[in-house]
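To start, the structure under review is shown below, and the notes come after it.
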Amino acid sequence: DQQVKQNSPSLSVQEGRISILNCDYTNSMFDYFLWYKKYPAEGPTFLISISSIKDKNEDGRFTVFLNKSAKHLSLHIVPSQPGDSAVYFCAAKADYKLSFGAGTTVTVRA
Amino acid sequence: EAGVTQFPSHSVIEKGQTVTLRCDPISGHDNLYWYRRVMGKEIKFLLHFVKESKQDESGMPNNRFLAERTGGTYSTLKVQPAELEDSGVYFCASSLLGYNEQFFGPGTRLTVL
């Protein structure tokens, strides 16, 4: 059973605008959440993370929001840039291991 | 600082053959993980080492898969004998003890014909 879900397989956004990626989870034991970015033929690159005791973490253009009661997190990228075009994975940690969503492909249009 | 490295980057073998994948974690990272992505689906956990000890191998598909981490440095993942459904991309990741962020290697793409 998939415990982490990214329901939007793709997202297209204009350069300079905000990209919002969503992720839902079912396991209440997850204590840490991470976002990874992946280019073709490369491994996932760590982007930003948030502890389950917080509701927001910001790093430059990237902000992650966590709504524990709704078991939902989101990643905001603003402003979006052409280099942001990639696959973004949401991951949740319990007992060291990460559970991943299926990924959202982001395309930033010029 | 060198990242996680994996060898080979690609491997094409026939069903029934043996393949060994290697992972070199970031220096000083005691945690080492193996993950797999099959057919473009989600990335799934296989197992976790702390130094040379297996902490969790609950994700290993079956006994055709054997992972080792000699001396707590690099790790190998052997598939013997390989089956068609073993095809996919095998990722290795590492992290410092007590830290949540895992850093991934570029992966090994395994194709079993």
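Among the residues of region A:29-41, is there at least one that is without any contact (Cβ under 8 Å) to a residue 40 or more places away in the chain, touching a Lys or Arg at 6+ places or on another chain (Cβ under 9 Å) and more than 26 Å from residue B:100 (Cβ to Cβ)? So far as region A:29-41 goes, yes, one or more of its residues are without any contact (Cβ under 8 Å) to a residue 40 or more places away in the chain, touching a Lys or Arg at 6+ places or on another chain (Cβ under 9 Å) and more than 26 Å from residue B:100 (Cβ to Cβ).
The set of residues from region B:22-79 being over 10 Å from the mean Cα position of the chain (by Cα), buried (at least 17 other Cβ atoms within 10 Å of the Cβ) and of a type in the set (S, T, N, Q) comprises just one member, B:31. Selection over region B:80-92 of residues that are under 23 Å from residue A:1 (Cα atoms), surrounded by 15 or more Cβ atoms within 10 Å (Cβ to Cβ) and touching a residue at least 40 places away in the same chain (Cβ under 8 Å) gives a count of 6.
Checking each residue in region A:1-54 for being within 11 Å of the chain's Cα centre (by Cα), more than 12 Å from chain B (Cβ to nearest Cβ) and among the β-branched types (Val, Ile, Thr) picks out only A:20. What about residue A:7, is it more than 25 Å from residue B:105 (Cα to Cα) and at pLDDT below 95? Judged against the criteria, residue A:7 is a match.
The number of residues in region A:65-100 being away from every other protein chain (no Cβ under 11 Å), under 17 Å from residue A:51 (Cα atoms) and not in a strand (DSSP E or B) comes to 4. In region B:27-55, what count of residues is obtained for those that are out of contact with any Asp or Glu (no Cβ under 7 Å at 6 or more places or on another chain) and under 16 Å from residue A:100 (Cβ atoms)? Adding up the residues that qualify gives 14.
Taking the criterion of being assigned to a loop (DSSP other than H, G, I, E, B) and either modelled with pLDDT of 95 or more or within 19 Å of residue B:9 (Cβ to Cβ) (or both), the residues of region B:61-89 that qualify are B:64, B:69, B:74, B:80, B:81, B:82, B:83, B:87. There is at least one residue in region B:83-100 that is within 9 Å of chain A (Cβ to nearest Cβ), among the hydroxyl-bearing types (Ser, Thr, Tyr) and touching a strand residue (DSSP E or B) at 6+ places or on another chain (Cβ under 7 Å).
The values are calculated or read from the model by the stated rules, or taken from the named source; none is laboratory data. Fair warning: this is a prediction, and the values are worked out from it, not measured in the lab. Methodologically, a virtual Cβ is constructed for each residue, glycine included, from the backbone with ideal geometry; neighbour enumeration extends over all protein chains shown.
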